[in-house]
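Let me begin by presenting the structure, written as structure tokens, before commenting on it.
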Amino acid sequence: MLPHKLEAALQYIELVRNGKKKADCAISILLSKDFVPSDFAYFFEVSDVQPEVMIPELFPSAKRASFNYDKVKDTEFLDVNLPSIKNIRLEFPLDWRDPLLVDRAHLREFNALEWLPAAMLSEEGRSQALPAVAQYQSDFFNHLTPDKFTWDEHSISDRMRNLFKFVQYYCKGADELNVPLILNSLRIMLLHLFLMLDDMFYCPSHNHGLMQDVGLLTVVPSIKALKQKGEILSFVEDRLLRRQLLKSITKEYAHKENSPGYHLHFLKSLSKILKTETISDDLRHNVETIMVETLRVFLYFVWPDRTLVTFGDTARQDVSEKVLEYISSIDPGFDFPKQVIQKFRSETTESRLDLAPDIVLRSVGYASFRTYWDFSSAGANGTCVVQKSGCRSQIHKHEDDGSFQFFGLGQELIIDPAKFSNDRTRKEALGGCNTTTHNVFRFESDPADFKIARANIQESWFASDRVCYTVCRQFKQKKDSRPDVYRILVFKKPDELIVIDAFKSHKPGKVCWSQVGLHPSLSFVRNFRGNLDHLVIRPDGKGFSLSLFDVANTQTAPCGEFDVIEAEIPYFPRAMVAEKTSQVRLKMTSRSGINALAYRIKLFDSEASADFAVPSVRINNGTLRLSSEDVEFSLRVFPRT
């Protein structure tokens, strides 16, 4: 939730709580300082709101239990296991911002009570969880916690679900039940439920709002005797379709949030919806249709070894099990998901996949080109390049316009750092987001957190079974001497990549460089042909050549005036794990006129077979012409003036 919206939402709660503002009747009742158990009659259709009658009617497993109103027995510590961190021991009284929870994800998950359902599955866990819930409730109603941060949209949904599961597991697993603990949990759960129906606490066109609607669709049907259940579910289904599903993707069925990881999360959310038996046939049909089409797009972000391309807030991960799990929720009548299952399960390259190997998604600024579709161990030898330039929003975006990643020889070769964490206050996470760590063209004067105000992939892209290319443009910004920069990316199938960065400069002397991040398994060897030819080698002797070359009719630095610098950047093999790797910076100083910095990458199986041949490239009147032994084409780069 945006800070100003969050501030307004919390102020709203406080005013309603103190009787200074009217709200929806349900919210007013639940927030009232005069709330009494009989007020549950507004929400539940039960024979009697006396707790000893109401609780067993809502949770039949509680019928065998006795009830008490005693103070919950204290304990010394709480053992916490969260999705993002395991085995943390916290002391009582609990600090909801305990210093041991060092990451934003740790804090959010802790305050969303993500640890609670699992704790209730054992006697030892339950003995710790009950006093923790009692403290949470006391702090909640005294407005000590949750603090502002924990009211972010998806935290509301998670806390609703976890409180409901807590009561379910408590009633099922205990012989004696504490009545105030159950009633307060139900009250807080209901408050979260009804707040999510209010626009002030809802986030449209965002994965947080999607999680809210998914949470409501999966929890509300399980709440027995809820009076407004039908109206709530109908409202949520309509809102989900109009304000989430159709707003989260473009007409190309690409997810808008700048991250293959969040495109995968979108598929996960769709799968959860389809696994909910109580949704309407209309919603099911719409979700299945959207899921099949977004699945098609998602595959362009999967490397041949089944790992995920790591633009934006995306962690490195093998996605094969998740993809197969999510696909299983789609009606078997759809043919394409069955093809995907066959591809992921097959160890041959022959299974069919009705999908072109190349795509450009201009609506969200992605291009993905590959030699062929295959996700078997044999297919990991295929090559693939994916590029990012431009966006529909800044959500989960890194400063990576024009950046590309390259897969070949069975692994990532030219890499993006990936996501360490979404917590931008952490040095590691921030370092993986800025321009200095991505495969971009940049000026020395650009600050590390430089933001491209506007960038895109131009319409003049092309893809075939022999060659693919794009032109990415970074637009000049107001009150900035930085010129428009055009990056031409050429993929000559199956094993060659050409990168040309061109710009018009009216002021000479601008130091600029093109950055190339290397996988940690690679070593950089320099200084062939006057510092123009270089080798990047793996321990088994395979690798690629990297050759700088001149672009005719431009102010390319003459041979010998290029500088090649090796730097160190972060590399995150998985979330919350930080390593270091090398980055090659190809450096030149601009002159007046059209400038170009160009290089060629060519894979090889051994150093002896390394190929340093470079294409002939020239720019005349704004049009670039490239010719080599097997490819020749022209395309307009600079606009006509």
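Would you please classify the overall shape of the stretch 309-462 from the alpha carbon gyration tensor, given that a ≥ b ≥ c denote the square roots of the eigenvalues, rounded means a/c under 1.5, and beyond that prolate means a/b larger than b/c while oblate covers the rest? Could you put the intermediate results ahead of the total?
Numbers: a/c = 1.96, a/b = 1.77, b/c = 1.11.
Judged from the Cα gyration tensor, the stretch 309-462 comes out prolate (a/c at least 1.5, a/b above b/c).
Here's the picture: charge each Lys and Arg Cβ at +1 and each Asp and Glu Cβ at -1 in the chain, and of 196, 429, 99 the one pushed furthest to the positive end of that dipole is 429. Basic side chains Lys and Arg get +1 at the Cβ, acidic Asp and Glu get -1 at the Cβ, and with that the dipole of the chain about its Cα centre reaches some 2040 debye. Toward the positive end of the charge dipole of the stretch 450-504, with +1 on the Cβ of Lys and Arg and -1 on the Cβ of Asp and Glu, the farthest Cα among 497, 469, 455 is that of 455. Listed values for the stretch 616-632 are Karplus-derived 3J(HN,Hα) couplings in whole Hz (6.51 cos²θ - 1.76 cosθ + 1.60, θ = phi - 60°), namely 8, 10, 9, 10, 10, 6, x, 9, 8, 10, 10, 9, 9, 4, 10, 9, 8, and x replaces Gly and Pro. When a 1.4 Å probe is rolled over the protein heavy atoms, the share of accessible surface on the chain that falls to carbon and sulfur comes to 50 percent. Derived scalar couplings between HN and Hα for the stretch 500-514 equal 10, 10, 10, 7, 9, 10, 8, 10, x, x, 7, 7, 9, 7, 10 Hz in order, rounded to whole Hz, by the Karplus curve 6.51 cos²θ - 1.76 cosθ + 1.60 (θ = phi - 60°), x for Gly and Pro.
Stokes-Einstein at 4 °C, 1.567 mPa s, Kirkwood radius from Cα pairs: D for the stretch 509-641 in µm² s⁻¹? All intermediate terms of the calculation are to be shown ahead of the outcome.
Values: Rh = 16.5 Å.
Calculated translational D: 79 µm²/s.
Reported to the nearest whole Å, the Cα centre-to-centre distance from the stretch 380-451 to the stretch 37-57 is 55. Rounded to the nearest 20 debye, the dipole magnitude of the stretch 261-373 is 260 debye, with +1 charges on Lys and Arg beta carbons, -1 on Asp and Glu beta carbons, and the Cα centre as origin. At q = 0.18, 0.29 Å⁻¹, what is the log10 ratio I(q)/I(0) for the stretch 12-62, with the Debye formula run over Cα points and no solvent? Ignoring solvent entirely, the Cα scatterers give -0.62, -1.01. Compactness of the stretch 202-314 was expressed as the Cα radius of gyration divided by 2.2 N^0.38 Å, which yields 1.11.
The orientation-averaged shadow of the Cα convex hull for the stretch 1-131, equal to a quarter of the hull surface, comes to 10.7 nm².
Size descriptors for the stretch 53-127 (Cα atoms only): Rg and Dmax, in that order, 15.2, 44 Å. Across the stretch 299-306, coupling constants 3J(HN,Hα) worked out from phi with the 6.51/-1.76/1.60 Karplus curve, θ = phi - 60°, read 4, 6, 9, 10, 5, x, 8, 6 Hz, and Gly and Pro carry x.
Applying 1/(1 + (r/R0)^6) with R0 = 30 Å to the Cβ-Cβ distance of residue 14 and residue 422 gives a FRET efficiency near 0.60. Taking the average, over residues, of other Cβ atoms within 10 Å as the packing measure, peptides 211-223, 400-412 rank 400-412, 211-223 from highest down.
Seen against the Cα atoms of the chain and their longest principal axis, helix 260-274 is set at about 40 degrees. Between the stretch 538-558 and the stretch 472-496, the C-alpha centres lie 17 angstrom from each other. The Cα-based radius of gyration of the stretch 433-547, divided by its Kirkwood radius, gives an Rg/Rh of 1.00. Whole-percent P(r), the chain, all Cα pairs, 10 Å bins from 0: 3, 15, 23, 22, 16, 12, 7, 3, 1. When all alpha carbon pairs of the stretch 111-221 are counted in 5 Å bins from zero, the resulting P(r) reads 2, 12, 23, 24, 18, 12, 5, 2, 0 %.
Does anyone have the angle between helix 123-141 and the longest principal axis of the chain? Alpha-carbon axes, 0 to 90°, nearest 10? The angle comes out near 90 degrees. For the stretch 86-137 versus the stretch 206-251, the inter-centroid distance based on Cα atoms is 28 Å.
The values are calculated or read from the model by the stated rules, or taken from the named source; none is laboratory data. Quick caveat: nothing in here was measured; it's all calculated off a predicted structure. Cβ coordinates were reconstructed from backbone atoms using ideal geometry, including for glycine residues, and neighbour counts include every protein chain displayed. Each accessible area value is taken on the protein alone, full model and side chains, heavy atoms only, with ligands, DNA and RNA left out. Shrake-Rupley method; radii C 1.70, N 1.55, O 1.52, S 1.80 Å.
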